[in-house]
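**Q** Dropping a structure here in structure tokens format, bear with me for questions.
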Amino acid sequence: MIPSLFGSGVLLAGDRTEYRLGKKIAEGGEGIVYRVEGRDDIVAKIYREFDFTREAKLRGMVARATKRLHRVSAWPLSPLQGPDSKTVGFIMQRLESWQPLHSVYQVKHRLDNYPNRTWAFLVRASRNLAVCVHDLHEADLVLGDVNESNVLVDDRAMVKIIDADSFQIEIDSRLYPCKVGKSELLPPELLGASFKDTRRTQEHDRFSLAILIFQTLVFGRHPFAGRPKKDEELPLEACIQKGYYAYTQQRDVPLGPPPNIDIKFLPEDIRDLFERAFGSDSARRPSANEWFSALKGLEDQLKSCPENSSHKHWMGTGKCPWCEMEERGSFPVFRSSVDIAELPEQSDQLWKEVQDARQNLPLPDQFERPKYQDFQPAELSGPEKFFGKTATRSPIWFWAIFLPMQAVLRGQSPLAASILVLVVLALIPYAFFQARNQLRRRKLLKADAALQKMWLQYGADQSVQTLNRRYEELRDMHEVLNGFDEYVQQARKKALETKYRPQLESFLRKYSLLAADIGPYGREKLSALYDSGYKTAADIGDDKLKFAGGQSSEIRQALMNWRTTLESQFWATSAYSLTASEERQLLNKMRKQALTFRKALQEGPEELRRLSEEAEERRQRLLASSKAYEDELQQWGPSVLAYERMGRR
Amino acid sequence: MAKEYAVDFPELEPLGDDMFLNAERRCPVILLLDTSASMADNIDAVNDGLQLLRNDLMQDSLASQRVEIALMTFGPVRLIQDFVTVDRWLPPRLYASGGTPMGAALETALQQIQIRKRAYREAGISYYRPWIWLVTDGAPTDKWHPAAERVQTEVLRGGIEMFTIGTDNADTSILSAISRPRPPVRLREAKYREMFVWLSQSLKPVSRAEFGASLDLPEPVGWGDIQA
């Protein structure tokens with residue numbers, strides 16, 4: 001039976017007891033790691049392929065176990081056997097919350113997942129890695145395949161090495177070789193060699209150890225990966241083979257360090273160790289113990305940057321090297337920790353006083369221009385009513401004059417003539433009333449227009465509007481002070497967007513418009529837009545698309561959504577941050593603003609009172625000058641209104 | 001005709017954040033996908049496949065930081081999406097239309113790989129041999145011989161890994177001439193999803209020991225047949 005056919009649920013025999021495989025946790029090159037049902041402390045590793053030498057190796061290892069070995073590695077606890085008694089895997093300690101070394105040293109990963117880790121953490125992890133290798137070497141083991149995935153680190157920078165079953169070990173004078181290796185970490189003498197016939201040595205391990213320490217201390221950079229001095233391809237393995245250590249100060253190599261990385265932040269003794277480790281003489285590679293001493297020495301010489309307390313660095317550099325990197329235009333490699341000095345006090349009390357002040361002030365904006373339309377119409381006298389009413393019914397007047405006139409003209413009736421005379425006589429009072437009303441109306445409208453003009457001037461007057469506007473401003477300030485945290489965050493977001501605009505743009509430029517996900521609208525629309533110059537997501541913007549004639553709002557919206565999705569993908573890392581000095585600048589600005597706001601609120605009641613007094617003065621002046629017109633309104637308003645109403649009826 | 005394809009992305013780029021924040025060794029992969037009109041029925045499967053590729057690679061944290069995907073389509077030749085490491089990748093949506101100018105597509109892919117490799121070198125980032133993953137369902141509609149020769153030169157020099165996958169109507173002899181010595185794979189029954197899962201599985205060892213020296217890829221079981 002092929003061991004890799006064992007999966008979850010299978011029961012396997014250990015030394016003393018049986019274990020049932022649980023969920024698959026991880027998959028490696030050689031085997032698959034499962035949980036063990038009912039056990040939180042152990043896991044089972046099951047090999048993909050059967051190898052008859054494994055049983056003796058595992059049994060020998062279990063017999064050789066010491067406390068020390070268990071401390072520094074996931075040493076096998078018990079072999080596992082299938083139904084046919086063949087060894088298919090083994091039991092080892094479970095290391096649940098431990099992370100592989102690459103997620104510790106890779107900048108973006110660290111900033112996203114462990115933002116509080118400083119360089120001191122990385123130094124301690126390197127030092128502990130050296131201890132692990134030292135202890136294993138002391139036990140006459142060769143790790144063989146030590147790499148960034150099988151070195152695990154916990155939250156306190158403790159280190160443990162997994163895949164112990166692949167170590168090279170001698171049991172009863174028989175050598176069990178290590179059959180694996182990762183080319184990026186192998187010393188030059190092993191590159192291209194077959195692992196089956198090669199006896200691995202501790203010197204080989206020392207080379208890999210130095211690479212891992214370098215990567216941990218130098219932001220994930222591989223010591224043999226650099227910028228070629230000429231534009232030529234230098235594969236990593238070739239560089240290792242030829243000893244092209246990119247940071248060497250002692251030899252002439254065709255490649256130099258990557259931009260913005262200068263390892264002068266390491267003390268000289270450590271740089272020397274790297275020169276020895278990556279030089280041509282394999283016998284001079286530093287031992288794990290030497291690394292331990294040097295790194296321990298470095299720890300005693302660490303200090304905090306006064307600008308940014310999360311910048312821990314070797315005190316031998318003049319300036320803080322992490323600040324210098326940031327100044328040279330690189331991204332912040334550590335989170336900037338700036339003390340947010342006390343948030344501004346809550347402004348509830350201050351605001352309440354402003355409100356009270358406002359409430360107790362007369363409200364000048366609430367008195368309105370007197371309008372005659374609001375008056376009670378006057379009660380008209382009988383004749384006025386009679387003639388007024390009849391006057392509106394012009395057909396009666398027409399017939400009353402027209403018919404008698406006809407009769408008179410035909411000379412038919414003296415009666416008709418006398419009626420005509422009566423009617424014409426009746427017209428006299430009517431004309432009088434009409435003329436009087438017109439006169440009054442003119443006077444009234446004149447007064448009304450004058451008042452309207454005065455009120456308009458008054459309304460536009462600064463002191464009234466300022467009072468109201470100021471009150472609103474004070475309310476806004478109060479709201480800012482009360483939600484100051486959020487206000488600062490918004491300002492920070494804006495600052496970040498400005499700072500990282502070029503990076504965002506270049507990310508958006510990677511995505512062609514032709515593959516925009518715009519739902520059902522399809523490729524023809526996209527092609528048309530593409531041909532008119534909208535090539536990538538970076539060309540999509542609210543204002544930009546307006547000029548793309550003939551695009552429906554649905555398509556515009558779909559494109560905007562697409563861009564927004566890409567933008568969120570870009571911002572989905574906390575690696576884009578402000579440096580300590582930028583952060584401090586921002587906070588200072590915010591704090592100054594908070595002080596100004598507080599002061600304004602404190603002075604608010606007094607200011608409002610002053611503004612109100614000014615407004616009141618204006619009001620009095622207005623009332624004084626409008627008095628004459630208002631009287632006129634009073635005088636003529638009711639009767640004119642009565643006539644208006646009558647006309648409408 | 002010769003200048004029918006165009007690269008829309010500027011060659012000169014400022015030092016990217018992606019290379020600073022993530023110094024892992026890169027494995028650039030260009031997916032060179034035929035999106036000619038005859039692909040219309042299968043384009044959804046291809047789009048699903050891209051999502052599967054992403055989701056599967058995301059399971060391996062180291063691989064997701066090492067593998068970089070770029071997408072090119074031909075019909076006409078376009079760089080649909082420039083290189084992005086899988087951990088920051090949003091697979092684009094492809095649409096089908098146009099002819100099958102495979103020669104021009106290969107030329108552009110080689111050009112893009114040169115540009116990307118130069119960017120790596122600028123940033124001091126090491127890389128594995130780039131992959132070109134060509135999928136087509138028809139015969140080229142342009143002169144493909146010069147491009148195939150250039151690809152062969154690169155393959156022999158150890159500059160790229162060339163993979164060709166053809167569906168039923170694809171001309172196997174042409175694919176074979178492009179991807180030598182690796183034989184082309186014939187895609188069964190439009191099993192694009194399975195194909196992308198296989199691609200992911202083949203890329204995952206980028207995070208493990210012994211990747212790159214000699215690619216020992218699994219058999220395309222379940223989705224394709226090797227065309228010897």
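**Q** What number of residues within region A:216-249 satisfy the criterion of being out of contact with any Pro (no Cβ under 6 Å at 6 or more places or on another chain), within 23 Å of A:Ala130 (Cβ to Cβ) and in a helix (DSSP H, G or I)?
**A** Matching residues across region A:216-249 total 2.
**Q** State yes or no: is A:Leu212 farther than 21 Å from A:Glu326 by Cα, among the aliphatic types (A, V, I, L, M), surrounded by fewer than 22 Cβ atoms within 10 Å (Cβ to Cβ) and touching a residue at least 24 places away in the same chain (Cβ under 8 Å)?
**A** On the way: farther than 21 Å from A:Glu326 by Cα: yes; among the aliphatic types (A, V, I, L, M): yes; surrounded by fewer than 22 Cβ atoms within 10 Å (Cβ to Cβ): no; touching a residue at least 24 places away in the same chain (Cβ under 8 Å): yes.
When the stated conditions are applied, A:Leu212 does not pass them.
One line per residue, one yes/no per condition, for (1) within 14 Å of chain A (Cβ to nearest Cβ); (2) under 30 Å from A:Gly256 (Cβ atoms); (3) surrounded by fewer than 22 Cβ atoms within 10 Å (Cβ to Cβ):
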position: B:Arg116; (1), (2), (3): yes, yes, yes
position: B:Leu134; (1), (2), (3): no, no, no
position: B:Pro140; (1), (2), (3): no, no, no
position: B:Pro146; (1), (2), (3): no, no, yes
position: B:Val155; (1), (2), (3): no, no, yes
position: B:Gly159; (1), (2), (3): yes, yes, yes
position: B:Ile165; (1), (2), (3): no, no, no
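**Q** Just need a number here: residues in region B:206-223 that are more than 7 Å from chain A (Cβ to nearest Cβ) and at pLDDT 60 or above.
**A** Number satisfying all stated conditions: 10.
**Q** Is it the case that region A:250-269 has a residue that's over 24 Å from A:Leu136 (Cα atoms), free of Cβ contacts under 8 Å to residues at least 60 places away in the same chain, within 13 Å of chain B (Cβ to nearest Cβ) and in contact with a Ser or Thr (Cβ under 7 Å, 6 or more places away or on another chain)?
**A** No: zero hits.
**Q** Listed residues A:Ser581, A:Ser639, A:Ser625; which is in contact (Cβ under 8 Å) with a residue 60 or more places away in the chain, in a helix (DSSP H, G or I) and exposed (fewer than 15 other Cβ atoms within 10 Å of the Cβ)?
**A** Result: A:Ser625 is the single residue among A:Ser581, A:Ser639, A:Ser625 that is in contact (Cβ under 8 Å) with a residue 60 or more places away in the chain, in a helix (DSSP H, G or I) and exposed (fewer than 15 other Cβ atoms within 10 Å of the Cβ).
**Q** Here's another thing I want to ask about it. Taking the residues in region A:425-467 that are more than 22 Å from A:Gly637 (Cβ to Cβ), aliphatic (A, V, I, L, M) and assigned to a helix (DSSP H, G or I) as candidates, determine which candidate is modelled with the lowest pLDDT.
**A** It comes out as A:Val464.
**Q** Now for a separate question. Picking from A:Pro235, A:Pro321, A:Pro306, which residue would you name as being within 12 Å of chain B (Cβ to nearest Cβ) and either over 26 Å from A:Leu186 (Cβ atoms) or modelled with pLDDT under 95 (or both)? Before you say what the answer is, go through the steps one by one.
**A** On the way: A:Pro321 fails: within 12 Å of chain B (Cβ to nearest Cβ); A:Pro306 fails: within 12 Å of chain B (Cβ to nearest Cβ).
Going through A:Pro235, A:Pro321, A:Pro306 in turn, the sole match is A:Pro235.
**Q** Out of the residues in region A:250-271 that are of a type in the set (A, V, I, L, M) and part of a loop (DSSP other than H, G, I, E, B), state the one that is nearest to the chain's Cα centre (by Cα).
**A** Looking at the filtered set, the residue picked out is A:Ile261.
**Q** A follow-up question, please. In region B:71-101, what residues are aromatic (Phe, Trp, Tyr) and at pLDDT 90 or above?
**A** If the condition is that a residue be aromatic (Phe, Trp, Tyr) and at pLDDT 90 or above, then B:Phe83, B:Trp89 are the ones that fit.
**Q** Further question: Every residue in region A:135-146 that is under 11 Å from A:Leu101 (Cβ atoms) and surrounded by fewer than 24 Cβ atoms within 10 Å (Cβ to Cβ), please.
**A** Listed by number, the list is empty, since nothing qualifies.
**Q** Could you please let me know if B:Glu11 is at pLDDT below 80 and either farther than 18 Å from A:Ala575 by Cβ or buried (at least 20 other Cβ atoms within 10 Å of the Cβ) (or both)?
**A** Working: at pLDDT below 80: yes; either farther than 18 Å from A:Ala575 by Cβ or buried (at least 20 other Cβ atoms within 10 Å of the Cβ) (or both): yes.
Against the criterion (at pLDDT below 80 and either farther than 18 Å from A:Ala575 by Cβ or buried (at least 20 other Cβ atoms within 10 Å of the Cβ) (or both)), B:Glu11 qualifies.
**Q** Please tell me if A:Glu189 is more than 8 Å from every other protein chain (Cβ to nearest Cβ), out of contact with any strand residue (DSSP E or B) (no Cβ under 8 Å at 6 or more places or on another chain) and acidic (Asp, Glu).
**A** For A:Glu189, the condition - more than 8 Å from every other protein chain (Cβ to nearest Cβ), out of contact with any strand residue (DSSP E or B) (no Cβ under 8 Å at 6 or more places or on another chain) and acidic (Asp, Glu) - is met.
**Q** Looking at region A:46-161, what helices (runs of 4 or more DSSP H) fall wholly within it and have at least 1 residues that are more than 14 Å from chain B (Cβ to nearest Cβ)?
**A** Helices (runs of 4 or more DSSP H) meeting the threshold: A:54-64, A:67-72, A:119-138.
**Q** Of these, A:Gln412, A:Gln406, which one is part of a loop (DSSP other than H, G, I, E, B), modelled with pLDDT under 85 and not basic (Lys, Arg)? Spell out how you get there, then give the answer.
**A** Values: A:Gln406 fails: part of a loop (DSSP other than H, G, I, E, B).
Every option except A:Gln412 fails the conditions.
**Q** Tell me, please, whether a residue that is more than 23 Å from A:Val133 (Cα to Cα), touching a strand residue (DSSP E or B) at 6+ places or on another chain (Cβ under 9 Å) and outside the structural domain of A:Tyr176 (by TED's automatic domain parsing) can be found in region A:59-68.
**A** No, region A:59-68 contains no residue that is more than 23 Å from A:Val133 (Cα to Cα), touching a strand residue (DSSP E or B) at 6+ places or on another chain (Cβ under 9 Å) and outside the structural domain of A:Tyr176 (by TED's automatic domain parsing).
**Q** Something else: What is the residue count in region A:495-515 for residues that are in contact with a Phe, Trp or Tyr (Cβ under 9 Å, 6 or more places away or on another chain) and at the interface with chain B (Cβ under 7 Å from one of its Cβ atoms)?
**A** So the answer is 7.
**Q** Here's another thing I want to ask about it. If you check every pair at least six apart or on different chains, which have Cβ atoms under 8 Å apart with a residue in region A:6-26 that is closer than 15 Å to A:Tyr47 by Cα first and a residue that is at pLDDT below 85 and among the aromatic types (Phe, Trp, Tyr) second?
**A** A:Leu12/A:Phe6; A:Leu21/A:Phe6
**Q** Pairs, please: C-beta under 8 Å, at least 6 apart or cross-chain, first residue surrounded by fewer than 17 Cβ atoms within 10 Å (Cβ to Cβ) and in region B:182-201, second in a helix (DSSP H, G or I)?
**A** B:Pro183/B:Ser176; B:Gln201/B:Asp56
**Q** Next question. Can we say A:Lys296 is closer than 22 Å to A:Ile213 by Cα, surrounded by fewer than 17 Cβ atoms within 10 Å (Cβ to Cβ), charged (D, E, K, R) and away from chain B (no Cβ under 14 Å)? So that I can check it myself, show each step before the final result.
**A** On the way: closer than 22 Å to A:Ile213 by Cα: yes; surrounded by fewer than 17 Cβ atoms within 10 Å (Cβ to Cβ): yes; charged (D, E, K, R): yes; away from chain B (no Cβ under 14 Å): yes.
Against the criterion (closer than 22 Å to A:Ile213 by Cα, surrounded by fewer than 17 Cβ atoms within 10 Å (Cβ to Cβ), charged (D, E, K, R) and away from chain B (no Cβ under 14 Å)), A:Lys296 qualifies.
Yes/no per residue for (1) on the phi < 0 side of the Ramachandran plot; (2) out of contact with any Ser or Thr (no Cβ under 9 Å at 6 or more places or on another chain); (3) buried (at least 21 other Cβ atoms within 10 Å of the Cβ); (4) free of Cβ contacts under 8 Å to residues at least 12 places away in the same chain:
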residue: A:Arg48; (1), (2), (3), (4): yes, no, no, no
residue: A:Arg59; (1), (2), (3), (4): yes, no, no, no
residue: A:Arg64; (1), (2), (3), (4): yes, yes, no, no
residue: A:Trp75; (1), (2), (3), (4): yes, no, yes, no
residue: A:Asp84; (1), (2), (3), (4): yes, yes, no, no
residue: A:Trp98; (1), (2), (3), (4): yes, yes, no, no
residue: A:His102; (1), (2), (3), (4): yes, no, yes, no
residue: A:Gln106; (1), (2), (3), (4): yes, yes, yes, no
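**Q** Look through region A:410-436, keep the residues that are aromatic (Phe, Trp, Tyr) and touching a helix residue (DSSP H, G or I) at 6+ places or on another chain (Cβ under 6 Å), and return whichever of them is nearest to A:Leu641 (Cα to Cα).
**A** Result: A:Phe433.
The values are calculated or read from the model by the stated rules, or taken from the named source; none is laboratory data. Quantities reported herein were computed from a predicted structural model and do not represent experimental measurements. Neighbour counts run over all protein chains shown; Cβ positions are idealised from the backbone, glycine included.
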